[in-house]
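J.: The structure is given below, and queries will be raised subsequently.
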């Protein structure tokens with residue numbers, strides 16, 4: 001960008017679109033830190049493009065440094081472990097978050113009192129070429145805009161009831177599959193993709209139930225939803241490079257993870273940033 005009126009204009013980084021959605025800011029040369037870029041225009045970019053990648057910048061050596069930076073974006077979600085979740089494979093995981101398996105599509109905060117507006121991911125160490133571990137994002141507003149109205153109407157009849165018990169919560173939430181963005185009201189999808197019940201390698205299956213249509217029609221709903229969410233026109237799979245910082249719009253997107261090679265050095269840190277004001281979870285039952 002060369003427009004001097006733009007607060008991001010400069011010669012030390014380049015701004016380019018990501019396909020099929022998102023925007024990347026690439027540092028040109030060494031010595032530029034992500035803290036050197038004002039947060040306000042970055043927030044605007046996330047609102048417009050839903051994914052923002054900062055690549056090639058100096059980032060954060062320690063979790064508390066990442067947390068302090070994220071506070072510039074807003075109030076942070078507090079967990080029993082603090083504000084920074086270390087996403088790294090554990091030797092004997094009790095949940096798929098800490099395993100190397102795939103993670104189905106979902107939205108963050110669905111089981112908690114408040115739903116974050118933004119997710120901030122820092123790649124401490126990439127899994128390495130050919131090892132998988134991409135984080136997947138689906139643009140649900142685009143899905144609804146590009147899907148035929150009859151199919152969307154069928155999806156709109158279905159409500160999901162989700163129960164998940166793990167170290168940090170034991171909660172039930174209820175949400176229609178098609179609902180509205182809490183800030184600007186555009187249609188979005190809130191869906192926790194079911195896992196195969198007979199997948200013994202998947203650690204800690206959630207209990208997911210869907211109502212509103214007969215079982216045979218629900219089967220078609222899941223099939224058509226998966227096809228649309230994973231359509232290359234709507235899906236972005238981020239191939240991590242060490243040092244990447246990715247900020248995403250949790251209200252519009254669903255996200256998941258591709259499986260990765262067990263033992264690969266994949267290490268992400270994640271912080272959740274609440275909206276202003278924070279969004280109380282409308283579907284939380286307990």
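J.: Which residue, 198, 108, 148, has the most motion in a Gaussian network model of the chain that connects Cα atoms within less than 10 Å?
T.: Per the Cα network of the chain with a 10 Å cutoff, 198 tops the list.
J.: While we're here: Among 70, 123, which comes first, then next, by fewest other beta-carbon atoms within 10 Å?
T.: The fewest-first ordering by Cβ neighbours comes to 123, 70.
J.: Given the options 140, 59, 44, state which has the largest fluctuation in a GNM of the chain using a 10 Å cut-off (strictly under) for Cα springs.
T.: Between 140, 59, 44, it is 44 that shows the largest mean-square fluctuation.
J.: Once you keep just the Cα pairs under 8 angstrom separated by 6 or more residues, what percentage relative contact order results for the chain?
T.: With pairs under 8 Å counted, the relative contact order is 33 percent.
J.: Here is a follow-up. Determine, for 115, 37, the number of other Cβ atoms within 10 Å of each Cβ, and report the residues in order from fewest to most.
T.: Result, fewest neighbours first: 37, 115.
J.: Mind jotting down the distance between the C-alpha centroids of region 58-136 and region 192-261, whole Å?
T.: 17 Å
J.: Please identify, among 173, 147, 248, the residue showing maximal mean-square fluctuation in a Gaussian network model of the chain using a 10 angstrom Cα cutoff.
T.: 147
J.: Return the calculated 222 nm mean residue ellipticity for the chain, to the nearest 500 deg cm²/dmol, obtained by summing -39500 (n - 2.57) across DSSP H runs with n ≥ 4 and dividing by the residue count.
T.: -5000 deg cm²/dmol
Every read-out reported here was derived from the displayed coordinates using simple, explicitly stated rules and does not represent laboratory data. In this text, all values refer to a predicted model and were calculated from it rather than measured experimentally. All Cβ positions, even for glycine, are placed from backbone atoms using ideal geometry, and neighbour counts span all protein chains on display.
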